[in-house]
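Engineer: Structure in structure tokens, see below.
The values are calculated or read from the model by the stated rules, or taken from the named source; none is laboratory data. Because the structure is predicted, anything quoted here is derived from the model rather than measured. Note: ideal-geometry Cβ built from the backbone for every residue, glycine included; neighbour counts use all protein chains shown.
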Amino acid sequence: MEIELIERIVLESIEISNYTLDDDKKIIISHDAKLFGKDGQLDSMNLVALLIQVEETLQDQGVEISLTDEHAVSVARSPFKDVPSLVNYIDLLIKTMQ
Amino acid sequence: MTQKRQILITGTTKGLGDKLARHFLDEGDIVFGCARSPTDLTHDNYHHFCLDVTDAKGIKEVFFRIRQDFGRLDALINNVGIASMNAFALTPLETARKIMEVNYFGTFSCSQRAIGLLRKSKAPRIINLSTVAVPLNLEGEAAYAASKSAVETLTRIMAKELGGFGITCNAVGPSPIATDLIKGVGEEKIQKLIQAQAIKRMATPQDVINVVEFFLRPESGMITGQTIYLGGIS
């Protein structure tokens, strides 16, 4: 899967997740939006919600991956820090699967 | 017009699961049922999946198909369960492991997979099946009661973690009901159990359905992390 498509999926998922967030909690959609952790816009519940949305959208594209394994949650450089790190993490998982 | 509820029940080919499925179909709901074997239940609103709840890949596929075709889930009822009545000292480890696999890990996996679909519901519910064997610490049911004890703890923690999504998580703990699950238990033991209850009679599937319907009501949005036992056991 092309990296551009992965990024589009992530940004679309953020947009969908925003529907359920209060106005003051909506994520500003951008290519380098901060997501989780220092300066992140999401709390842990909303991160889970976003990851579920991304997983479902990927599933619709025929890609079955799990974004929330223990490794991802515990690594020092969190893959959920911002949009680029999440996109790269998804890309890595897809490549590992192949 | 009220939207039809979309309910997934595990273990629908017999016993309580079958009764629950038929009840919701009578109520006009859409029911997704699953079991290892096919079903003889046919209804326009019933959709059956052959699934072993210990098969993580199969679970993913079931939820994928529900999402593709129906878009949301209003309730997950983790009903499927196995039991093996035996003295602790005589219970093979493999049996204890299998009971834990189905009763606890099956509930765990299905609940985890259901979050995305439940979030799309206005009154999302997870309802787990426990047993009075937990509070009674019943002899001869160590493996079964321990697996359900794990389910109860899971219920309470899920209630906290999923509360932010509006998903309530509760459990119902039936006292003895005449189903396959207790067919291996002697009549004398059943009678002794019933005598320990405040309400001294066998429970019926309708008693369980009543509690399940209570949890499902939109007005029950503040009821979460609870286990309700039948018959006055606490």
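Engineer: Does B:Leu154 satisfy the condition of being within 14 Å of another protein chain (Cβ to nearest Cβ), farther than 17 Å from B:Ala203 by Cβ, of a type outside the set (Val, Ile, Thr) and part of a helix (DSSP H, G or I)?
Structural biologist: no
Engineer: Something else about it: Tell me which helices (runs of 4 or more DSSP H) are completely within chain A and hold 2 or more residues being among the β-branched types (Val, Ile, Thr), touching a Leu at 6+ places or on another chain (Cβ under 9 Å) and surrounded by fewer than 16 Cβ atoms within 10 Å (Cβ to Cβ), or say none if there are none.
Structural biologist: Details: elements: A:3-19, A:44-60, A:70-74, A:83-97.
Here the list is empty.
Engineer: Only one of A:Gly37, A:Gly62 is within 11 Å of chain B (Cβ to nearest Cβ) and either over 19 Å from B:Ala114 (Cβ atoms) or among the aliphatic types (A, V, I, L, M) (or both). Can you tell me which? Write out each step before concluding.
Structural biologist: Numbers: A:Gly37 fails: within 11 Å of chain B (Cβ to nearest Cβ).
Checking each option against the conditions leaves just A:Gly62.
Engineer: Could you say which residue among B:Pro205, B:Pro124, B:Pro135, B:Pro174 is within 23 Å of B:Ala96 (Cα to Cα) and in contact with a Leu (Cβ under 8 Å, 6 or more places away or on another chain)? Steps first, answer last, please.
Structural biologist: Numbers: B:Pro205 fails: within 23 Å of B:Ala96 (Cα to Cα); B:Pro124 fails: within 23 Å of B:Ala96 (Cα to Cα); B:Pro135 fails: in contact with a Leu (Cβ under 8 Å, 6 or more places away or on another chain).
Of B:Pro205, B:Pro124, B:Pro135, B:Pro174, the one residue that is within 23 Å of B:Ala96 (Cα to Cα) and in contact with a Leu (Cβ under 8 Å, 6 or more places away or on another chain) is B:Pro174.
Engineer: So which of B:Glu101, B:Glu94, B:Glu61 is within 30 Å of A:Ala49 (Cβ to Cβ), without any contact (Cβ under 8 Å) to a residue 40 or more places away in the chain and surrounded by fewer than 21 Cβ atoms within 10 Å (Cβ to Cβ)?
Structural biologist: B:Glu61
Engineer: Quick check on the range B:164-188: of everything there that is assigned to a helix (DSSP H, G or I) and surrounded by fewer than 16 Cβ atoms within 10 Å (Cβ to Cβ), which residue is modelled with the lowest pLDDT?
Structural biologist: Restricting attention to the range B:164-188, the residues satisfying the condition of being assigned to a helix (DSSP H, G or I) are B:164-165, B:180-182, B:187-188.
Narrowing the set further to residues that are surrounded by fewer than 16 Cβ atoms within 10 Å (Cβ to Cβ) leaves B:164, B:180, B:187-188.
On the way: B:Gly164: 89, B:Asp180: 68, B:Glu187: 85, B:Glu188: 88.
Here the answer is B:Asp180.
Engineer: Does the range A:13-20 include one or more residues that are within 14 Å of chain B (Cβ to nearest Cβ) and at pLDDT 90 or above?
Structural biologist: yes
Engineer: In the range B:3-27, how many are in a strand (DSSP E or B) and over 15 Å from the mean Cα position of the chain (by Cα)?
Structural biologist: First, the residues of the range B:3-27 that are in a strand (DSSP E or B): B:6-10.
From the residues that got through so far, the ones that are over 15 Å from the mean Cα position of the chain (by Cα) too are B:6.
Count: 1.
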